[in-house]
Amino acid sequence: MPHLPASPALARFRVIDLTQVRAGPTCCRQLADWGADVIQVQMPEHMRGDDTLGGQDGSDYQYTHRNKRSVTLNLKEPEGIATLKQLIATADVVVENFRPDVKFRLGIDYETLAAGQAGLVYASISGFGQDGPLAERPGFDQIAQGLSGLMSVTGLPGQGPVRVGIPIADLCAGFFAAQGILVALLEREVSGRGQWVQTSLLQAMVTMMDFQTARWLIDGEVAGQAGNYHPTSIPTGVYKARDGYMNIAVFGSKIWERFCTTLGAPEWITDPRYAAKAGRSVHRDALNAAINERLALHDRDHWIERFNADGVACGHINDVREMLQEPQVGHLGLVQDVVSARLGPQRHVGQPMTLNRTPSSLARAAPLRGEHTEEVLGELGLSPGDIATMKSRGVF
């Protein structure tokens, strides 16, 4: 089956995906969802290593590799490398997450490829960067979470470091790499030249620390764990109504006044104990206890309806099943359908942004390893006889 663009937005671009695990495949999925012809290059089945996404039929793999085509090439053989270079010559973008030295050893580093293909956009995703004291270390999501400081500000005070419940370093590195690729493609329209885009799990996480890094760099304050409460704004956090927990976010004096009135405690507005509520009140624990005492009089739905009617942000705390049953999630059309020829109907969460003329979509389910090898090699001009000979020699 030829390339079926998920969207016309990026359909004119071909991307060679040399990545594995999650950060690189996430980057390429972003481009594939918007219609780029993403060709995933993997080692042949008999040479593959451990599959950290749970196998080709697993939900994780299916979600991560949708909208791509897959070829296998034996990159340990000169003919496999030569064929890969032929494939790259037809592409606009290459994405890799090898150890920094591997691409040079294979002769597929940016400088080597760009010497004959000036318009190539080449993206590298690593654990810690392409050079520097940690460049050669193996890098994984949780290691980056720890080094970046993220685990030191996650969890309850005094609990000890806590990882975030999603592979946030992998995901953000993939998103940032995709953004960098798009910037490079836009710039290429002016200069006619590609460039080397680099990011890493560590860079992504340092950036995602956002205002917590600003608190140190500007204010000289080392942030700690604030648990379920916002580290600087009070009262914002997790509170308990009669039938369970809910989130409430109160920012600014006007919303504070509405909050107090709705909660039936207008006297708090002028109470000197809580006057500094927008800062770091020494009475934070007392205020939170008083709020929970009031909330315990009614169920969450009662408070959520009243607070939202009065302009105070609040909401349920859902598990994944409950989240996907939220009417607003359904209204936004985030869940999309696709059919796998092997596995049948599937449902995926799609892209979180909408373009009114060229929206993303799911054009195809994740491919079987090497499913499109002969198809893609045929697009390179190789005859069926050539392809059969390559297969017999173990090139794919």
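The condition (being within 15 Å of the chain's Cα centre (by Cα), under 22 Å from residue 125 (Cβ atoms) and of a type in the set (Lys, Arg)) is satisfied by just one residue among 69, 22: 22.
Here is a check on your reading of the model: is residue 85 among the charged types (D, E, K, R), at pLDDT 95 or above, part of a helix (DSSP H, G or I) and over 30 Å from residue 206 (Cβ atoms)? Answer is yes for this residue. Considering the range 116-138 alone, what residues qualify as being touching a residue at least 60 places away in the same chain (Cβ under 8 Å), within 25 Å of residue 88 (Cβ to Cβ) and not hydroxyl-bearing (Ser, Thr, Tyr)? 117, 118, 119, 120, 121, 123, 125, 127, 129, 130 - these are the residues of the range 116-138 that are touching a residue at least 60 places away in the same chain (Cβ under 8 Å), within 25 Å of residue 88 (Cβ to Cβ) and not hydroxyl-bearing (Ser, Thr, Tyr).
Restricting the first member to the range 162-185 and to residues that are over 16 Å from residue 351 (Cβ atoms), and the second to residues that are of a type in the set (Asp, Glu) and assigned to a helix (DSSP H, G or I), the beta-carbon pairs closer than 6 Å and six or more apart or on different chains are 167/141; 169/141; 170/141.
Being closer than 24 Å to residue 195 by Cα and aromatic (Phe, Trp, Tyr) is the filter here, so list the residues in the range 107-151 that pass it. Within the range 107-151, 110, 122, 128 meet the criteria. Identify, from the list 26, 19, the residue that is assigned by TED's automatic domain parsing to the domain that holds residue 352, in contact (Cβ under 8 Å) with a residue 12 or more places away in the chain and not in a loop (DSSP other than H, G, I, E, B). After ruling out the rest, the residue left standing is 26. Specify which of the listed residues (186, 182) is surrounded by fewer than 16 Cβ atoms within 10 Å (Cβ to Cβ) and either under 20 Å from residue 36 (Cα atoms) or touching a strand residue (DSSP E or B) at 6+ places or on another chain (Cβ under 6 Å) (or both). Just a single option satisfies the conditions, and that option is 186. The set of residues from the range 338-396 being of a type in the set (D, E, K, R) and either farther than 30 Å from residue 321 by Cβ or assigned to a loop (DSSP other than H, G, I, E, B) (or both) comprises 342, 357, 364, 369, 371, 374, 375, 379, 386, 391, 393. Cβ-Cβ distances below 7 Å connect the following pairs, each with a first residue in the range 196-210 that is within 18 Å of residue 95 (Cβ to Cβ) and modelled with pLDDT of 95 or more, a second residue that is among the β-branched types (Val, Ile, Thr) and crowded, with 24+ Cβ neighbours inside 10 Å, and a separation of six or more residues or different chains: 197/121; 197/181; 199/125; 200/125. Tell me yes or no: at least one residue of the range 69-78 is of a type in the set (D, E, K, R) and either part of a loop (DSSP other than H, G, I, E, B) or at positive phi (or both). Yes, the range 69-78 contains at least one residue that is of a type in the set (D, E, K, R) and either part of a loop (DSSP other than H, G, I, E, B) or at positive phi (or both).
Of all residues in the range 86-115, those that are of a type in the set (Gly, Ala, Ser) and free of Cβ contacts under 8 Å to residues at least 24 places away in the same chain total 1.
The values are calculated or read from the model by the stated rules, or taken from the named source; none is laboratory data. Only a predicted model underlies this, so the values are computations on that prediction, with no experimental measurement involved. Reconstructed Cβ throughout: ideal geometry from the backbone, glycine too, with neighbour counts over all protein chains shown.
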